[in-house]
Amino acid sequence: MNIRKDDLVKIITGRDKGKSGRVIKVFPSKNRLIVEGLNLVKKHERPTQDNQQGGIIEKESSIHRSNVMLMSNNKPTRVSFKKLDNGKKIRYSKKLKRNID
């Protein structure tokens, strides 16, 4: 997966289109990720010992990776992978034509 935790991404489709945020968690097997403060959904939560009040809370929901673009130098860019001479695989920005990692 070309997006990792703590990367800055921009949403390119959906109700949060044009907004950007930091990636909190990545689910590579499902091709989904959670972005801080974006794609908020309301969840009904019952009262527990941790949350005595219960009620309706807002939390971030996952977004498919095809709906976000990685931000590099405050510009959204497509990402590819390049292999270096020593065999190490790094991320490469197609727009800026330079290494990200």
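Restricted to the range 60-77, and to residues there that are outside any strand (DSSP E or B) and at pLDDT below 90, the residue that is surrounded by the fewest Cβ atoms within 10 Å (Cβ to Cβ) is 74.
Pairing each residue of the range 67-81 that is within 11 Å of residue 3 (Cβ to Cβ) with any residue that is surrounded by 17 or more Cβ atoms within 10 Å (Cβ to Cβ) and of a type in the set (D, E, K, R), provided the two are 6+ apart or on different chains, yields C-beta distances under 7 Å for 68/10; 69/10; 70/7; 71/10; 79/91.
Would you mind stating whether residue 56 is surrounded by 11 or more Cβ atoms within 10 Å (Cβ to Cβ) and over 19 Å from residue 100 (Cβ atoms)? No: the conditions fail for residue 56.
Residue-wise test of (1) under 14 Å from the mean Cα position of the chain (by Cα); (2) of a type in the set (S, T, N, Q); (3) in a strand (DSSP E or B).
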{"residue": "6", "(1), (2), (3)": "yes, no, no"}
{"residue": "25", "(1), (2), (3)": "yes, no, yes"}
{"residue": "33", "(1), (2), (3)": "yes, no, yes"}
{"residue": "38", "(1), (2), (3)": "yes, no, no"}
{"residue": "41", "(1), (2), (3)": "no, no, yes"}
{"residue": "58", "(1), (2), (3)": "no, no, yes"}
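Scanning the range 8-23 for residues that are under 18 Å from residue 75 (Cβ atoms), part of a loop (DSSP other than H, G, I, E, B) and either small (Gly, Ala, Ser) or touching a Pro at 6+ places or on another chain (Cβ under 8 Å) (or both) yields a count of 2. Summed over the range 42-53, residues that are within 30 Å of residue 10 (Cα to Cα) and either exposed (fewer than 10 other Cβ atoms within 10 Å of the Cβ) or basic (Lys, Arg) (or both) total 3. On inspection, residue 4 does not qualify as of a type outside the set (Asp, Glu) and out of contact with any Lys or Arg (no Cβ under 9 Å at 6 or more places or on another chain).
The values are calculated or read from the model by the stated rules, or taken from the named source; none is laboratory data. The model shown is predicted, which means the values in this text are computed figures rather than measured ones. No Cβ is skipped: glycine too gets one built from the backbone with ideal geometry, and neighbour counts run over all protein chains shown.
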